[in-house]
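The values are calculated or read from the model by the stated rules, or taken from the named source; none is laboratory data. Nothing here was measured: the structure is a model prediction, and the numbers come from that model. Counting neighbours? That spans all protein chains shown, and the Cβs are built from the backbone with ideal geometry, glycine included.
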Amino acid sequence: MIIRNNQKGMSPLIALIVLVSIAVSLGVLTINIINLLTSDESSSPVCGLVDFNIKKFKENYFLCITDSNKLSFILENTGKQKIDAFKISVIGSSKSYSTELEANLDVGELLDKRQSPLPFGVIGILYEVKILPEVKSAENGKHVLCTEKAKSFVDIPKCTQLEIS
């Protein structure tokens, strides 16, 4: 019986390198697909130029609660892009409330809600107000909520306690 040992094949070391490279490339492909499917729209470049502030008078932010349980404030667009709306969330001891407020604020403009304060109903003791800007995407025209630009405020005083003179 004659045994031929001249068959050509792949050495075990090369086979191992090929298998590892296939496994790594499949892992990278899977991670990229998962990131694409779970990407957050709020981190899109459209939010990069967005910024706003609550207007300050002396040392106080002008954000307060009226006697009729309404939220009174002045927002200023301090970014470099128009803000189309704001999502305002009010968190209280017995209830939470969210609403969307149309703004259409160009750069440098103010949204003054002192004359028509935002009602939020009976929520118990007011713990926090969270304000998120919303802009329209130039790519698809959809509104994008810029969560990384959100601002939270606590210890909100009654409007009668503010010194605005």
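Here are some notes:
- Filtered by the rule that a residue be of a type in the set (Lys, Arg), in contact with a strand residue (DSSP E or B) (Cβ under 8 Å, 6 or more places away or on another chain) and surrounded by fewer than 16 Cβ atoms within 10 Å (Cβ to Cβ), region 88-114 gives a lone residue, ARG114.
- Test for SER93: is it touching a residue at least 24 places away in the same chain (Cβ under 8 Å), touching a Gly at 6+ places or on another chain (Cβ under 9 Å) and farther than 18 Å from CYS159 by Cα: yes
- Residues located in region 54-77, provided they are surrounded by 14 or more Cβ atoms within 10 Å (Cβ to Cβ), of a type in the set (Ser, Thr, Tyr) and not in a strand (DSSP E or B): THR66
- Of the strands (runs of 3 or more DSSP E) that lie entirely inside region 102-165, not one contains 2 or more residues that are of a type in the set (Gly, Ala, Ser) and either in contact with a Gly (Cβ under 8 Å, 6 or more places away or on another chain) or touching a residue at least 12 places away in the same chain (Cβ under 8 Å) (or both).
- Of the residues making up region 81-107, those that are under 18 Å from the mean Cα position of the chain (by Cα) and more than 17 Å from PRO133 (Cβ to Cβ) are ILE91, TYR97.
- In region 115-137, residue surrounded by the most Cβ atoms within 10 Å (Cβ to Cβ) [restricted to those that are under 15 Å from ALA85 (Cα atoms) and not basic (Lys, Arg)]: PRO133
- So PRO157, is it under 19 Å from LYS55 (Cβ atoms), touching a helix residue (DSSP H, G or I) at 6+ places or on another chain (Cβ under 9 Å) and either surrounded by fewer than 11 Cβ atoms within 10 Å (Cβ to Cβ) or not aliphatic (A, V, I, L, M) (or both): no
- Being modelled with pLDDT of 85 or more and closer than 12 Å to LEU118 by Cβ holds for only one residue in SER98, SER68, and it is SER98.
- Complete set of residues in region 105-133 that are small (Gly, Ala, Ser) and touching an Asp or Glu at 6+ places or on another chain (Cβ under 6 Å): none
- GLU102 touching an Asp or Glu at 6+ places or on another chain (Cβ under 8 Å) and not aliphatic (A, V, I, L, M): yes
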